[in-house]
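**Student:** Here you go, one structure.
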Amino acid sequence: MQFFEVIKKSKKSKARVGILKTPHGDILTPAFVPVATKGTLKTIPPKDLKDIGTQVAFVNTFHLVLHPGAEVIEKFGGIHKYSNLAIPLMSDSAGFQVFSLGRKKKVQTKEGDEGLLLNISEEGVQFRSPRDGKELMFTPEISMQNQEKIGADIIMAFDECIYYGASHEYTKEATERTHEWLLRCIESRKRKGQRLYGIVQGGVFKDLREESAKFVGAQEIDGVAIGGVSVGETKKEMEEQVRWVAPHLPEELPRHLLGIGRIEDIQEFVKLGIDTFDCVEPTRLARNGTVFQGQGKKFARLDLTKSRYLKDKHPIQQSCACYTCQNFSLSFLHHLFRERELLGYYLATYHNLFFFEQMFAEIHRLIAKSLI
RNA sequence: GGGCGGUUCGUAUAGCGGCAAUUACGUUUGGCUGUAAACCAAAUGCCCUCGGGCUUCAGAGGUUCGAGUCCUCUACCGCCCA
């Protein structure tokens, strides 16, 4: 069975509409991949996903290994059954947590405070559990084993997400390490049926990004993910990085952009031929009280906690067909957030996810008509 | 009538001679891009050239270099004994 098929290409840009075929269903791309780190899309019960239109979600190996453990999930027959998620799933490799937790978080030990990241070597990464301080080891082989036990449809190679500000020298070294790790990921896989994405790094350097794109694209993989973006660089730098990489990726492979994101970013990167995007943006913002409103390039963020909504009888968006907008006023949503009522987090998340799906549906139409 | 205890910045509190004064909540503003995020940060007496200036802890008086803090009286609130 062919994994990815491009069904329409825009004449105006590199944008394309495609289908990703997985054992748990097809994904029409470009697609948004909401983040369900610990096997749950925070606040949203799986039975709602159909109505929202969510096609696929992203789970995290790092968090799931820490709890409940990959073995537990395996015993339950994989993450789909364990979490009762009937949609295609992608799993992250744990590479990002080494970056995001390793650099800023500290843990107390006998020797005093130390970062969670203990060591990165050719072999892999030594890390301290942010849960209990226990020492952990992540290698390409361990990541693959864990991801096979978790059992997502699409898995990510173990990579090193390079911090912003790294020198050319360090970035080169780390990118080459990620390449070596990719080969080991491919080598060590045992399970069939899962699709593996290699990850492009290269930091903020054009030569390294291009080299990485060519290297990763040439391997025996099912898709390519672009990593190491939105790690502190400017918007311009982020865009450049994707621009450098995209032209060097094989046309026939699906392209995932890790960690992006913002509505305006998605609208831009779709034109470079990016097929899938995972990001916490709609779900986290919702839980922090921010909801989206508008259409196309004209959109706004509403902060539901603002007192100006206290007496507002309107829904978030009149034209929105989602459960939240069909049934609840801004005033009530404001009230729920001010009182920290649980329903508020659910309703806001529901709307934001629905909003994103509507936006992607619009993107499909625009690509089909070569309007973007 | 007697005996205690209390009255502090929107609210609830801390404070036991050097204080514009603690903490929590509230309020306001900012932030959130492969989720240790239903979270985090800042501001919250007035003025300000950001160094400082001014006016504050129920009210009035007093002791002291210095009082939210100690003393006296008054007002109000609470509990107990009559």
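**Student:** With the requirement that a residue be small (G, A, S) and either under 23 Å from A:R262 (Cα atoms) or in contact with a strand residue (DSSP E or B) (Cβ under 9 Å, 6 or more places away or on another chain) (or both), what does region A:325-372 give you?
**Tutor:** First, the residues of region A:325-372 that are small (G, A, S): A:329, A:331, A:344, A:348, A:361, A:368, A:370.
Correct list: A:G344, A:A348, A:A361, A:A368, A:S370.
**Student:** Residue check: is A:L118 modelled with pLDDT under 95 and outside the structural domain of A:G18 (by TED's automatic domain parsing)? Full working, then the answer.
**Tutor:** Working: modelled with pLDDT under 95: yes; outside the structural domain of A:G18 (by TED's automatic domain parsing): yes.
Considered against the rule, which asks whether it is modelled with pLDDT under 95 and outside the structural domain of A:G18 (by TED's automatic domain parsing), A:L118 comes out as yes.
**Student:** Now a separate question. Out of region A:259-282, which residues are among the β-branched types (V, I, T) and surrounded by fewer than 18 Cβ atoms within 10 Å (Cβ to Cβ)? Spell out the reasoning first.
**Tutor:** Here is the first cut: in region A:259-282, the residues among the β-branched types (V, I, T) are A:260, A:263, A:266, A:270, A:274, A:276, A:280.
Within region A:259-282, A:V280 is the sole residue that qualifies.
**Student:** Could you please find all residues in region A:14-44 being within 15 Å of RNA strand B (Cβ to nearest atom) and of a type in the set (S, T, Y)?
**Tutor:** Within region A:14-44, A:T37, A:T40, A:T43 meet the criteria.
**Student:** Is there a residue being away from RNA strand B (no atom under 12 Å from the Cβ) and either under 26 Å from A:T43 (Cα atoms) or touching a strand residue (DSSP E or B) at 6+ places or on another chain (Cβ under 9 Å) (or both) anywhere in region A:257-270?
**Tutor:** yes
**Student:** Oh, and also: Within region A:211-228, is there a residue that is within 11 Å of RNA strand B (Cβ to nearest atom) and in a loop (DSSP other than H, G, I, E, B)?
**Tutor:** Taking region A:211-228 as the starting set, the residues that turn out to be within 11 Å of RNA strand B (Cβ to nearest atom) are A:225-228.
If we keep only those that are in a loop (DSSP other than H, G, I, E, B) as well, we get A:227-228.
Checking region A:211-228: at least one residue is within 11 Å of RNA strand B (Cβ to nearest atom) and in a loop (DSSP other than H, G, I, E, B).
**Student:** Sticking with this one: Tell me which residues, restricted to region A:295-340, are in a helix (DSSP H, G or I), among the aromatic types (F, W, Y) and more than 14 Å from RNA strand B (Cβ to nearest atom).
**Tutor:** Let us first name the residues in region A:295-340 that are in a helix (DSSP H, G or I), namely A:307-309, A:323-327, A:330-338.
Cutting the leftovers down to among the aromatic types (F, W, Y) gives us A:309, A:323, A:332, A:337.
The answer is A:Y323, A:F332.
**Student:** On the basis of being in the same structural domain as A:D275 (by TED's automatic domain parsing), under 26 Å from A:G77 (Cα atoms) and surrounded by fewer than 22 Cβ atoms within 10 Å (Cβ to Cβ), does A:T54 make the cut?
**Tutor:** Values: in the same structural domain as A:D275 (by TED's automatic domain parsing): yes; under 26 Å from A:G77 (Cα atoms): yes; surrounded by fewer than 22 Cβ atoms within 10 Å (Cβ to Cβ): no.
For A:T54, the condition - in the same structural domain as A:D275 (by TED's automatic domain parsing), under 26 Å from A:G77 (Cα atoms) and surrounded by fewer than 22 Cβ atoms within 10 Å (Cβ to Cβ) - is not met.
**Student:** Please enumerate the residues belonging to region A:229-258 that are surrounded by fewer than 16 Cβ atoms within 10 Å (Cβ to Cβ) and either of a type in the set (S, T, Y) or in a strand (DSSP E or B) (or both).
**Tutor:** Of everything in region A:229-258, just one residue is surrounded by fewer than 16 Cβ atoms within 10 Å (Cβ to Cβ) and either of a type in the set (S, T, Y) or in a strand (DSSP E or B) (or both), namely A:T234.
**Student:** Taking region A:71-101 on its own, how many of its residues are free of Cβ contacts under 8 Å to residues at least 40 places away in the same chain and either assigned to a strand (DSSP E or B) or in contact with a Phe, Trp or Tyr (Cβ under 7 Å, 6 or more places away or on another chain) (or both)?
**Tutor:** 2
**Student:** I would also like to ask the following. Checking A:F292 against (1) more than 30 Å from A:L343 (Cα to Cα); (2) hydrophobic (A, V, I, L, M, F, W, C); (3) assigned to a strand (DSSP E or B), only one condition comes out false. Which one?
**Tutor:** The failed condition is (1).
**Student:** Restricting to region A:176-200, what's the tally of residues that are over 26 Å from A:I79 (Cβ atoms) and either modelled with pLDDT under 95 or not in a helix (DSSP H, G or I) (or both)?
**Tutor:** Here the count works out to 0.
**Student:** On the basis of being away from RNA strand B (no atom under 11 Å from the Cβ), modelled with pLDDT under 95, over 20 Å from the mean Cα position of the chain (by Cα) and part of a loop (DSSP other than H, G, I, E, B), does A:G133 make the cut? Walk me through how you get there before you give the answer.
**Tutor:** Working: away from RNA strand B (no atom under 11 Å from the Cβ): no; modelled with pLDDT under 95: yes; over 20 Å from the mean Cα position of the chain (by Cα): yes; part of a loop (DSSP other than H, G, I, E, B): yes.
Spelling it out, it is not the case that A:G133 is away from RNA strand B (no atom under 11 Å from the Cβ), modelled with pLDDT under 95, over 20 Å from the mean Cα position of the chain (by Cα) and part of a loop (DSSP other than H, G, I, E, B).
**Student:** Taking region A:341-372 as the search range and keeping residues that are modelled with pLDDT of 95 or more and β-branched (V, I, T), which one is nearest to A:I316 (Cα to Cα)?
**Tutor:** Step one: of region A:341-372, the residues modelled with pLDDT of 95 or more are A:341-371.
Imposing the further condition that a residue be β-branched (V, I, T) reduces the set to A:349, A:363, A:367.
Working: A:T349: 12, A:I363: 22, A:I367: 28 Å.
Across region A:341-372, the extreme among qualifying residues is A:T349.
**Student:** Continuing with the same structure: Does region A:319-326 contain at least one residue that is surrounded by fewer than 21 Cβ atoms within 10 Å (Cβ to Cβ), in contact with a helix residue (DSSP H, G or I) (Cβ under 7 Å, 6 or more places away or on another chain) and of a type in the set (V, I, T)?
**Tutor:** no
The values are calculated or read from the model by the stated rules, or taken from the named source; none is laboratory data. Because the structure is a prediction, the values reported are computed rather than measured. Glycine also receives a Cβ, built like all others from the backbone with ideal geometry; neighbour counts cover every protein chain displayed.
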